[in-house]
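Q: Here's a structure for you.
Readers should treat all values here as calculations from the given coordinates under stated rules, not as data from a laboratory. The model shown is predicted, which means the values in this text are computed figures rather than measured ones. Note: ideal-geometry Cβ built from the backbone for every residue, glycine included; neighbour counts use all protein chains shown.
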Amino acid sequence: MLITIKRLKTSNRIRMELVKCDACGHKQEVELTVAHKIIPEDVAIRYGITDSTSVTLCIYCSNEIRDWYRGRVSTLTYDSGLKKFRPKASNEIRKEYQKTYQDFVDYKGLRRKRFR
């Protein structure tokens, strides 16, 4: 996703356009935002997932969501029929990343309401 910087000249000052973070809702300068893929590119390539959605996140949420992914997304699942762990299929991985991202956005929304 290509993001362009619009500089609006008002009198003698240059004002930067602000972009809203899709997770926390805070407005940031374009330089402080990241085009973030919900399913990381390396995971999408490994599992053959071609439809990864991109969102705009501030740098703080971008760093925080990576920690959420590390702690909440697993590539293995327990198969009770086989009685052992097996690798997840690509559709299971896609659902897990999407659910983790949605949980993160919900968490950020609750924090935003609590601190208003």
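Q: Hey, can you rank 87-100, 70-83 by average C-beta count inside 10 Å, highest first?
A: By packing density, highest mean first, the sequence is 87-100, 70-83.
Q: Going through the cross-link list K37/K84; K27/K95; K37/K108; K88/K108, which pairs have a Cα-Cα distance over 26 Å in this structure? Numbers along the way, then the final one.
A: Details: K37/K84 31 Å; K27/K95 28 Å; K37/K108 18 Å; K88/K108 28 Å.
Where the Cα-Cα span goes over 26 Å, the pairs concerned are K37/K84; K27/K95; K88/K108.
Q: Using label points projected 7 Å from each Cα along Cα→Cβ, tell me how many nm separate W68 and E92, to one decimal.
A: Label at W68, label at E92, 2.3 nm between them.
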